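Data first, discussion second: the structure below is written as structure tokens.
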Amino acid sequence: MTTAAIAPPIRAKRVLPGFTLSLGTTLLYLTLIVLIPVLALILKGAEMGPARFWQIISSPRAVAAFQITLTAAAIATVINAVYGLLMAWVLVRYEFPGKRLLDAMMDVPFALPTAVAGLSLTALFSANGWFGQVLEAAGIQVVYTIWGIVLAMAFTSVPFVVRTVQPVLEDLDPALEQAAVTLGAGPFAIFRRVVLPAILPAWMAGCTTAFARSLGEFGAIVFIAGNLPFRTEIAALLAYIRLEEYDYNGAAAIALVLLGFALVLLLASNLLQFWAARYREGQK
Amino acid sequence: MSIAISGLTKRFGQTDVLCGVDLEVSKGELVALLGPSGSGKTTLLKIIAGLEWPDAGRLAVNDQNWLQLAAQDRRIGFVFQHYALFPHMRVRDNIAFGLSVRPRSERPGKAVIAAKVDEMLHFLQITHLADRFPGQLSGGQRQRVALGRALAIEPAVLLLDEPFGALDAAIRRDLRRWLRGVHDATGSTTIFVTHDQEEAFELADRVVVMGEGRIEQIGHADAIHDHPATPFVARFMGATVEFPVTLNSGRAEASGLDISALPRRALPDGPARLFARPEDITLIPDAGAPWRIASRISNGAHLRFVLSHPALGEAEADVPRRTANADALTPDAAVRLRIEAGTIFPAERGIATTSVRSPGFEPVKEKSR
């Protein structure tokens with residue numbers, strides 16, 4: 001019929017309005033805030049040439065700074081992996097007075113300016129501080145050593161682990177654990193074979209974010225670390241020092257290495273998560 | 001294994017979930033716990049499993065006190081309403097779980113476990129699913145795997161919570177027959193919970209009807225259908241039309257009703273209640289009768305009538321459409337109600353005996369959680 005021939009083409013209408021506008025705004029914002037600065041950093045690094053780049057990042061002081069940063073971040077992440085998981089477990093699984101307060105306190109490291117955290121940690125752990133006195137007597141020095149750096153990193157990054165594991169643990173179907181109980185599994189077997197596999201992807205994601213955050217932490221560390229080159233100088237601080245010396249190339253090269261670490265880490269974490277969640281393939 | 005339960009009570013906060021349950025299940029029996037939501041049937045099942053604990057009472061299996069025994073040590077097979085398969089394990093590993101978590105000293109070797117799993121897969125006819133993850137299975141397939149996982153530990157007692165609740169009608173019927181076969185082949189003592197009468201009667205040796213934390217009646221399909229022990233069972237079994245009647249030396253009488261088809265009841269004279277199913281009511285045109293046809297709806301096979309009485313209110317009746325006098329049953333016609341089958345109970349305290357109640361009670365379909 002002729003009516004069919006002249007009928008306008010059918011276009012599916014989107015249910016949610018504003019797709020173009022919201023996507024456009026998001027892309028613009030992301031470009032301005034994230035993409036352009038990162039691109040500028042990469043361009044800055046590229047303009048100095050590979051030889052100069054290598055010379056900067058392989059200088060003994062820079063290598064030492066990378067080593068210290070990575071070691072401290074790794075230790076802090078291991079501590080937070082254990083403690084953060086425990087904390088999430090306690091917050092989800094048990095009812096006790098003050099639970100909500102404890103839950104809210106978990107966000108303090110997010111909210112507190114890191115410099116404030118650094119200052120108070122320094123005050124506590126310095127030779128005449130509350131903890132420092134005791135530790136000093138036992139022959140352990142925290143302030144101005146790598147342990148100070150670990151402490152500051154652990155403080156600022158623990159919420160990442162707790163807050164990623166917590167919702168997944170909350171969503172875990174209690175029937176799974178009941179099923180394991182009826183099949184004769186003890187508490188340890190239930191945790192290792194039923195609960196842990198379920199929360200593993202989230203746990204790894206949390207640990208990776210915590211590690212990445214530790215690599216870049218600056219404010220809390222500079223107060224407690226003492227910042228002795230080759231001993232307690234972190235990479236972010238070295239980049240800052242280079243900047244203060246108007247050595248933009250030096251700063252950019254070190255920053256690029258940190259960026260590289262973070263990207264490799266994110267990639268590795270995503271692959272691991274993909275692997276850990278492989279059973280979800282084809283799931284409705 | 002024989003199960004003996006007595007005086008079991010359980011409270012959740014202010015609510016009595018179980019108020020004194022006594023039940024005996026003999027070895028190899030297949031028993032259904034039937035009841036609407038909130039009747040305490042799932043709680044009873046979970047107490048037997050060791051997933052809930054009663055406030056008082058006794059639970060003995062083969063004369064062993066199970067209330068002293070943790071769920072881990074009871075060796076029960078429990079099939080959950082939504083299967084609760086471990087999502088990160090393949091079907092094979094799900095079925096092997098109960099064997100592979102045993103303490104090292106009691107654990108069978110890897111080869112023995114693998115052989116047992118293969119045997120189970122074969123028995124349940126799911127060999128082709130062995131290497132899939134639960135997320136890749138349909139509801140009916142998951143149900144089979146869940147049962148396989150429970151049976152692999154050779155349980156003393158098999159417990160199933162709404163085993164077919166989340167499945168399509170056709171798959172339900174298939175699985176029902178299949179489960180009966182599995183039960184007969186394993187010889188285990190089996191208890192399952194359901195809110196579906198058809199399912200309970202078709203599958204079970206004995207049906208336990210529960211209501212509000214009590215056992216209302218225990219028996220076979222015919223007995224429970226024809227002779228409900230309590231008004232609760234009568235309503236649950238579909239006797240949803242309730243007439244106020246007067247008993248006179250065992251015979252019930254009421255205005256506009258012909259109750260002569262019912263046998264005499266040994267009940268004291270006075271007010272009583274008659275419970276009948278809409279399909280057990282025959283309509284006889286009678287110009288002098290007080291009942292009037294208020295509406296008539298056909299669903300093809302049956303005519304559904306709403307009848308009204310000036311004093312008693314409304315009642316429902318279902319009549320086959322090809323019945324002889326169907327044409328005479330038009331709206332506004334005066335009719336007499338002949339009750340072909342029904343049960344009479346003494347008037348309940350607190351319930352008005354002066355009006356018809358219809359449809360008073362519909363078995364509540366349990367919502368899937």
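I'm checking my understanding of the structure. Among residues of the range A:1-60 that are outside any helix (DSSP H, G or I) and among the charged types (D, E, K, R), which one is farthest from A:TYR248 (Cα to Cα)? Quick ask: steps written out before the conclusion?
Going residue by residue through the range A:1-60, those that are outside any helix (DSSP H, G or I) are A:1, A:7-18, A:48-49, A:58-59.
Next, from what is left, pick out any that are among the charged types (D, E, K, R): A:11, A:13-14.
Numbers: A:ARG11: 54, A:LYS13: 52, A:ARG14: 49 Å.
That would be A:ARG11.
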Revision key, fill the gap. Apart from one, (1) over 27 Å from A:PHE188 (Cβ atoms); (2) out of contact with any Lys or Arg (no Cβ under 6 Å at 6 or more places or on another chain); (3) more than 10 Å from every other protein chain (Cβ to nearest Cβ); (4) open to solvent by 10 Å² or more (accessible area, probe 1.4 Å) all hold for B:ASP131; the odd one out is (2)
Review point. How many of the residues in the range B:259-285 are closer than 17 Å to B:LEU337 by Cα and either among the polar types (S, T, N, Q) or crowded, with 16+ Cβ neighbours inside 10 Å (or both)?
Key: 14
Check your understanding: Only one of these conditions is not met by A:TRP147: (1) away from chain B (no Cβ under 13 Å); (2) touching a residue at least 24 places away in the same chain (Cβ under 8 Å). Which number is it?
Key -> (2)
Check your understanding: Tell me, which residue of the range B:145-187 that is free of Cβ contacts under 8 Å to residues at least 24 places away in the same chain and of a type in the set (Lys, Arg) is farthest from the other protein chains (Cβ to nearest Cβ)?
Key -> B:ARG177
**Study point:** Test set (1) out of contact with any helix residue (DSSP H, G or I) (no Cβ under 6 Å at 6 or more places or on another chain); (2) away from chain B (no Cβ under 14 Å) - A:ALA175 fails condition number
**Key:** (2)
Check your understanding: Under the condition of being part of a helix (DSSP H, G or I) and not acidic (Asp, Glu), which residue from the range B:118-128 is nearest to the other protein chains (Cβ to nearest Cβ)?
Key -> B:MET120
Practice item. State all residues of the range A:40-64 that are over 22 Å from A:ILE234 (Cβ atoms) and either among the basic types (Lys, Arg) or at pLDDT 90 or above (or both); if no residue qualifies, say none. Key: A:ARG52
Practice item. Would you check if there is a residue in the range A:52-60 being farther than 30 Å from A:LEU121 by Cα, open to solvent by 90 Å² or more (accessible area, probe 1.4 Å) and free of Cβ contacts under 8 Å to residues at least 24 places away in the same chain? Key: yes
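The rows are residues; the columns are (1) in contact with an Asp or Glu (Cβ under 6 Å, 6 or more places away or on another chain); (2) crowded, with 21+ Cβ neighbours inside 10 Å; (3) within 13 Å of chain A (Cβ to nearest Cβ); (4) touching a residue at least 24 places away in the same chain (Cβ under 8 Å).
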position	(1), (2), (3), (4)
B:SER37	yes, no, no, yes
B:GLY57	no, no, no, yes
B:PHE78	no, yes, yes, yes
B:ALA84	no, yes, yes, yes
B:PRO87	no, no, yes, yes
B:PRO103	no, no, yes, no
B:LYS116	no, no, no, yes
Practice item. Considering (1) without any contact (Cβ under 8 Å) to a residue 12 or more places away in the chain; (2) closer than 30 Å to B:SER138 by Cα; (3) of a type outside the set (Val, Ile, Thr); (4) open to solvent by 40 Å² or more (accessible area, probe 1.4 Å), say which one A:LEU272 fails and leave the rest. Key: (1)
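Among the candidates B:LEU33, B:LEU18, B:LEU67, B:LEU44, which residue alone is outside any loop (DSSP other than H, G, I, E, B), away from chain A (no Cβ under 14 Å) and more than 24 Å from the chain's Cα centre (by Cα)?
Working: B:LEU33 fails: more than 24 Å from the chain's Cα centre (by Cα); B:LEU18 fails: more than 24 Å from the chain's Cα centre (by Cα); B:LEU44 fails: more than 24 Å from the chain's Cα centre (by Cα).
Result of the check over B:LEU33, B:LEU18, B:LEU67, B:LEU44: B:LEU67.
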Check your understanding: List pairs: first in the range A:112-133 and within 11 Å of A:THR156 (Cα to Cα), second surrounded by 15 or more Cβ atoms within 10 Å (Cβ to Cβ) and of a type in the set (Asp, Glu), Cβ under 8 Å, 6+ apart or cross-chain?
Key -> A:THR114/A:GLU217
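Pick out, from the range A:157-225, the helices (runs of 4 or more DSSP H) lying fully within it that include 3 or more residues that are among the aromatic types (Phe, Trp, Tyr) and touching a Ser or Thr at 6+ places or on another chain (Cβ under 7 Å). Spell out the reasoning first.
Details: elements: A:174-182, A:187-190, A:196-216, A:219-225.
Ranges flagged: none.
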Check your understanding: Restricting the search to the range A:234-254, which residues are hydrophobic (A, V, I, L, M, F, W, C) and more than 16 Å from A:ILE221 (Cβ to Cβ)?
Key -> A:LEU243, A:ALA251, A:ALA252, A:ALA253
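The values are calculated or read from the model by the stated rules, or taken from the named source; none is laboratory data. What you see is a predicted model; the values in this text were computed from it and never measured. We place every Cβ from the backbone using ideal geometry, glycine too, and count neighbours over all the protein chains shown. Heads up: the accessible areas ignore ligands, DNA and RNA and are worked out on the full protein's heavy atoms, side chains in. Shrake-Rupley method; radii C 1.70, N 1.55, O 1.52, S 1.80 Å.
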